[in-house]
Every structure is written in C-alpha cells, then in structure tokens.
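These notes are about the structure you will find just below.
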Amino acid sequence: MSFNKLSDVVKAVGAATHAYESTEPKELQDIRTGTFAVGTNNQYFTNLDFVNGMLRDQSMYTWYPLLLTFQDERFTLEQCCALVHRFDYAYSNYLRYSGLQEMGAFAEAITKYLPTATSREEAVEAVKAFLGYLNRLAAWSFHYFPWSIGKHLTYETPKGSIAALADPSRRVKIANGQKVRLTWEPLGIRVIAYLATKENPELCFDFIQALPFKVVQDHAVVSGESIYAWAPVVSTAKVNVKERQCDAPVGRIRYSQGTGNKVIVQYGEVTEDIATPVLGEILPEYAEDLYKVGRAVLESNFGNKEPIFLTVELA
C-alpha cells in the first residue's frame, strides 16, 4: 500500500471505512477465528483479547484526544504531528503485528503525510478520517468478541441495586425537536424519536448530517440495559446538556463522542452514574418494543452473534 500525498491516504481510509459500515473487515474475521495464527501455545484468544482492548484504547483514548489537540489552535501543527507518533505508534505497530495490517499501513501513512498538510483544516479532516476508520474497526471487534465467557465469571445478585442511587428528578426534559426513525433488522421493529435539537443543537447537527446510516447494533457489557452503535460520525461539537445515565428514562438516546461516537439507547435499568450528552428520546409508547430490541441485542452480543442492524433516518 503506497501513497503520494495526504489526500490519497484520506481517500483510501474513507473508502475502507464506508465498506465496513455493514460488513466485518476480513482481517478482524481472521483474528477472531484463529485464521491469523498468532498466540503462545497454539491459542489465539490472547491475541483476540489484546486486539479488542487495544483497538478500544487506540480509537477512544488516543486518536480522539489527538483530534481535539489538532483542533486546538494553542498547539502548532508541528507540535500536533509530533504527538501522533509518540502516542499512536505503540498501538498501531502492535496491532499490525496482531493481524491488522491494513490499519498499520494507514497509520504509518497518516503519520508520514500529516506534516505535509497545507492547513490546519486539512490536517483535522485527515485525523477525523482515520479516527472514523478506527471507530468502525472497534465496533466490529466489540460485536464479535466472545462476551459469553462472562457467564463463567458471575457474581451473586446484590440485595440493593446500584441504580437505586438514581434520582429521576434530575432527568432532562427535552422539547420536541427533529423527528427520526430507528429501525432494527431482522427484528422488523421500528420506533420514532425526537432529537434534542434545542438543547444540544451543535451535536444534533453533526448527527443529522450523517443520516441516513445503517450500522451493527451492540449491547452494553457493564452499565446495564442499554444498547449502542458506533455511528459513522466523528463529532467534537459543543455539548450543552448532559444527564447521568442512571437518572435517565427508558427511551433516552445519548451520544458519546469520546468513546467512539456511539449513539446509545436506554431500554431499562442502568447503573452507571457518568453523565453523557443527551441526543434525544424515543416516544414512550414504544417502550415494550424497545425492550424486545434490547433483549434480542443482548442475545446477539452474549450468545448467537447474529448481527442486528440499526438504521437511523429522518422521519
């Protein structure tokens, strides 16, 4: 894989990202099936585990902060470019060895050509493109990770629920903004939601600009009854209104810019007390359908691994 300039790299990264929106990358499939044979003692679980965790950290906690740094005019482009190699190389080089050869080549090319950017805007768009690509890899890696192993590491149900700390009086009330339709296939379930276009207009604008889109739907593995999907968006928009997850109502739609640009839907009890940007709310009359979706996605992630796809479009 060879490139002559930064725009060539961005174009190739964008094409790969688009191709993976509804199709698992072949390299990730090879890693999770042991076709790519790396791992001590002829086992590949450790490689699969390292890839999943490092992809998460590379996208969420390395390239997203790098994007914010590139957008921050207190730093020169030269300073920003120097940080890329310093913070990314350990991830991209090891993940290349672990089977993500395409990503490794893209990372090397981005690092090489970012210093040739003719403007901050060009550099920011290149970083956004690569981050969007990493988010898509992280989404597929998360979906197919063998979370069912967790069935062997269970705890006794506590007497009190952590969600009892929830305070419904702190729930955010949103005005009826732009309507969107969320559809889950092959479940054949469709719901209508309002976006928080008055409360978080900048965030909603970025989200609406990406519509319509179709991506794989996943389930939370720590916080409780929430489902989320990596949106084909890279947003650093200003956020005015956040809400603790444990306080939120059923049907709340959240958006997490810093953990992969995920659109998150709450369908039941959530224990996590971290505040997350409010994106919208699914109408209450769909609560029963939403619960069916949640349980089906739970089985998809922890059981049969059959993908459920979420489509979001203007209503």
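Quick notes on this structure:
- Residue order for 26, 305, 151, fewest other beta carbons within 10 angstrom first, comes to 151, 26, 305.
- Tensor-based shape of the chain (alpha-carbon gyration tensor, a/c under 1.5 rounded, otherwise prolate or oblate): oblate
- Between 36, 20, 92, the Cα set farthest toward the positive side of the dipole of segment 6-146 (charges on each charged residue's Cβ, about the Cα centre) is that of 36.
- Proximal charge balance of residue 100 [Cβ under 15 Å; K/R count +1, D/E count -1]: -3
- Taking every alpha-carbon pair in segment 6-146 and binning the separations at 5 Å intervals from zero gives 2, 11, 21, 23, 19, 12, 8, 4, 2, 0 percent.
- Comparing 132, 150, 260 in a Gaussian network model of the chain, where Cα atoms under 10 Å apart are tied by springs, the biggest mean-square fluctuation is seen for 150.
- Cα shape, segment 167-314, gyration tensor, a/c 1.5 rule: rounded
- Whole-number percent relative contact order across the chain, with pairs defined as alpha carbons under 8 Å at least 6 apart: 19 percent
- Here 165, 298 are placed in order of increasing Cβ neighbour count within 10 Å, fewest first, which gives 165, 298.
- Per residue of the chain, the DSSP helices (runs of n ≥ 4 H) give a summed -39500 (n - 2.57) that works out to -13000 deg cm²/dmol at 222 nm.
- Acute angle (nearest 10 degrees) that the helix 287-299 long axis makes with the longest principal axis of the chain, alpha-carbon atoms: 50 degrees
- Dipole moment magnitude, nearest 20 debye, the chain about Cα centre, only Lys, Arg, Asp, Glu C-beta charged: 160 debye
- Rounded tilt (10° steps) of 45-58 against the dominant C-alpha axis of the chain: 90 degrees
- By the count of neighbouring beta-carbon atoms within 10 Å, fewest first, 1, 103, 54 end up ordered 1, 54, 103.
No lab work stands behind these numbers, since they all come straight from the coordinates. Here the structure is a predicted model, which means the values were calculated and not measured. Cβ atoms come from the backbone with ideal geometry, glycine included; neighbour counts cover every protein chain shown.
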